[in-house]
Every structure is written in structure tokens, then in C-alpha cells.
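Q: Encoded as C-alpha cells, here's the structure I'll be asking about.
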Amino acid sequence: ELWSCQGLGGGGPAGAACSTPASIGDVLFMMSASPSTPPAMLAVKAGGRGDVTKTHILWKQKVGAGICSPVAHEGRVYINDGVLSTLNADTGKILSRQRLYDVMGEYTSPALGDGRLYIGSRSDGLFVLSVGDTPKSLSQTPLKDDRRTVNASPAIHPDTNGRQPQGEFTGCMGLHFR
């Protein structure tokens, strides 16, 4: 172990961070939440030795999610738990919060491609939003005639750079585009 940092959850399985950190440069954005611990996000400067809790935490915010991971891009951090939260990556200030859908226990993480956010939901389909301080909805593809729960995150294929291909396409979430 090179370094560690405290500040997420209450310890043990109920307070464990399950999401993958996002980064911009040498700053990591980590979050956690559970039914027994309040949401929290930390911005931590990577590096150091031993416990860097007192020296490397840049900011802490009371937003987060338990399973899904954040996305960091162009000075902003995006978190989705049914409500899309946009934070300033330098300060942790919440720039906007907007409800996309009703959810309990979101598992899917946003994906970034071609300057857009792609947010899958467990039962409401795929949302595409612009990036920025207040992301704007560009489209929503519902799960037509399919009531199964989706726990997978969208994946961006490198040949399309996030753009919707021409013709027919079945994405990793099982969404069919035309």
C-alpha cells in the first residue's frame, strides 16, 4: 500500500465504496453511499505515502452513489443516481441537479463519448445529454416492450466515437437503435 485516504462511508461492508474513481490529471474523484451511510464524494490529490487524509483531500461534498461510478470531463464531475449532479471539479461546488427518472438502487454508470453523456437506467432506457454546467437532454431511447431490469452501463464503441451509427445497431445495454 503506497497511500490511503479515509472519508467515505462508515467502514465495513455497509460503508464500502463500490464505484470506480474518475480522474482529471492527478486528482481522483471517489464516492460512496448506502442505505446506512449518507452519500459522499471526495476529491483527493493522488500520491503521497501512508494515510493522506489530512493532507490530500481537496474537497468533500454530500453527493454520491453506492454502486455506479462518476465521470470527470473538462473541469466537471457528473454523478447519476436518477438525479444527474454536475460538480465543479476544482471546488466541489454543485453546479446543477436534475431528475432524469425515479430510481431506487441505481447500478449503471454514465459514459462519455463525442462530447455527450450517455446514461442508462434500470428501466427507463438510455438518456443522452450534452456536457456542461447544466447538461441538456438531447434524447431518450425507452426500453420498448421490455420490462426487464438493466444493470449494465452504456459502452462507447471506438469506431463510432459515441455517435449513433447509421442503420440498425444493438448496444451493450440491449437497446435497439434505428
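The values are calculated or read from the model by the stated rules, or taken from the named source; none is laboratory data. Note that the coordinates shown come from a computational prediction; the quantities given were computed from them, not determined experimentally. Don't worry about glycine lacking a Cβ; one is built from the backbone with ideal geometry, like all the others, and counts go over all protein chains shown. Each accessible area value is taken on the protein alone, full model and side chains, heavy atoms only, with ligands, DNA and RNA left out. Shrake-Rupley method; radii C 1.70, N 1.55, O 1.52, S 1.80 Å.
Q: Within the group GLU74, GLU1, which residue is of a type in the set (Asp, Glu) and free of Cβ contacts under 8 Å to residues at least 12 places away in the same chain? Lay out the reasoning, then the answer.
A: Values: GLU74 fails: free of Cβ contacts under 8 Å to residues at least 12 places away in the same chain.
Testing whether each residue is of a type in the set (Asp, Glu) and free of Cβ contacts under 8 Å to residues at least 12 places away in the same chain leaves just GLU1.
Q: Go through the range 83-138 and give me each residue that's at pLDDT 90 or above, over 28 Å from LYS60 (Cβ atoms) and open to solvent by 50 Å² or more (accessible area, probe 1.4 Å).
A: If the condition is that a residue be at pLDDT 90 or above, over 28 Å from LYS60 (Cβ atoms) and open to solvent by 50 Å² or more (accessible area, probe 1.4 Å), then ARG116, LYS136, SER137, LEU138 are the ones that fit.
Q: Of everything in the range 68-82 that's within 16 Å of THR20 (Cα to Cα), at pLDDT 95 or above and in contact with a Ser or Thr (Cβ under 7 Å, 6 or more places away or on another chain), which residue is most open to solvent (accessible area, probe 1.4 Å)?
A: Selected residue: ALA72.
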